[in-house]
């Protein structure tokens, strides 16, 4: 099996057409078809269903495709690392994240990573969970921190912890008069702001599904693109917003924790399946060290006292 054949198969699988793949690869179609046939002959299985339009990948082809992406990514990593060493450059680690992790885990983690591995260049990219999955497959990021449980065989997920959900409330609302935990029923009929608007599914769907499961009907749903815009609209008294507890970054709002075992949002580490690179174990070890320090974003129990202080400032 040749690396060229693997690249050819990935191109055909992506294009769903031998003709388009040949154009993208700048080769004629007959030799491309021949190389795929040789690959299938060596494996002893059919990778492509050629009698369908557009071209379909068989179950065996899907498994080969997922593994092929990882092989090609590792080859690119090997080339890049070799060139970097040869040119005296530093290795790079790309991390995808959803915005709400900036108010909890991520800043402390990246600080520890920089201290522990000063020879590495760390690149941080804000991406939704769905965008992170695509970026992992394409090799644009190495690990991701998201909130959705996405079922994809080519990506491994590790739930790091469950973060309590809170309700961000304008000070003028009746719910802002107290600071104790709120039942989901308290949201019934209230105008609700959710984020992100797209791409979906997203944290917005997680919140809306929870409300649906509890039989809650918001008075009006206003969708916005990002967390900062959502809480900005709360401050403008457009409505209330369900947020992860760590994302209480505006002092002009009142925050109340939401009751219930299911009133949480997971923080999930994602990486390519079967990836045994050093940075995965290194990241998990540092996360364990951070969790052992009992940071405030991990256990928001002293919520009420902090909220009360903010209210009276």
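Listed residues 93, 125, 113; which is part of a helix (DSSP H, G or I), within 30 Å of residue 199 (Cβ to Cβ) and modelled with pLDDT of 85 or more? Steps first, please.
Details: 93 fails: part of a helix (DSSP H, G or I); 125 fails: part of a helix (DSSP H, G or I).
Exactly one of 93, 125, 113 is part of a helix (DSSP H, G or I), within 30 Å of residue 199 (Cβ to Cβ) and modelled with pLDDT of 85 or more, namely 113.
One residue stands out among those in region 252-283 that are at pLDDT 90 or above and loosely packed, with under 15 Cβ neighbours inside 10 Å: the one that is nearest to residue 138 (Cα to Cα), which is 281. Taking the criterion of being under 28 Å from residue 248 (Cβ atoms) and touching a residue at least 40 places away in the same chain (Cβ under 8 Å), the residues of region 103-132 that qualify are 103, 104, 105, 108, 109, 112, 113, 128, 129, 130, 131, 132. Considering region 33-49, and only residues there that are modelled with pLDDT of 90 or more and in contact with a strand residue (DSSP E or B) (Cβ under 9 Å, 6 or more places away or on another chain), the residue that is nearest to residue 7 (Cα to Cα) turns out to be 36.
Condition test on residue 218, is it at pLDDT 90 or above and part of a loop (DSSP other than H, G, I, E, B)? Criteria met by residue 218.
Name the residue, out of 242, 234, that is part of a helix (DSSP H, G or I) and buried (at least 19 other Cβ atoms within 10 Å of the Cβ). Steps first, answer last, please.
Working: 242 fails: part of a helix (DSSP H, G or I).
Just one listed residue meets the conditions, 234.
On inspection, residue 37 does not qualify as within 33 Å of the chain's Cα centre (by Cα) and in a helix (DSSP H, G or I). Are any residues in region 197-210 in a loop (DSSP other than H, G, I, E, B) and in contact with a strand residue (DSSP E or B) (Cβ under 8 Å, 6 or more places away or on another chain), and if so, which ones? Selection gives 197 alone. When you check residue 158 against the structure, is it surrounded by 20 or more Cβ atoms within 10 Å (Cβ to Cβ) and not in a helix (DSSP H, G or I), yes or no? Considered against the rule, which asks whether it is surrounded by 20 or more Cβ atoms within 10 Å (Cβ to Cβ) and not in a helix (DSSP H, G or I), residue 158 comes out as no. Within region 97-104, identify whether any single residue is assigned to a loop (DSSP other than H, G, I, E, B) and at pLDDT 80 or above, and answer yes or no. There is at least one residue in region 97-104 that is assigned to a loop (DSSP other than H, G, I, E, B) and at pLDDT 80 or above.
The values are calculated or read from the model by the stated rules, or taken from the named source; none is laboratory data. The model shown is predicted, which means the values in this text are computed figures rather than measured ones. Glycine also receives a Cβ, built like all others from the backbone with ideal geometry; neighbour counts cover every protein chain displayed.
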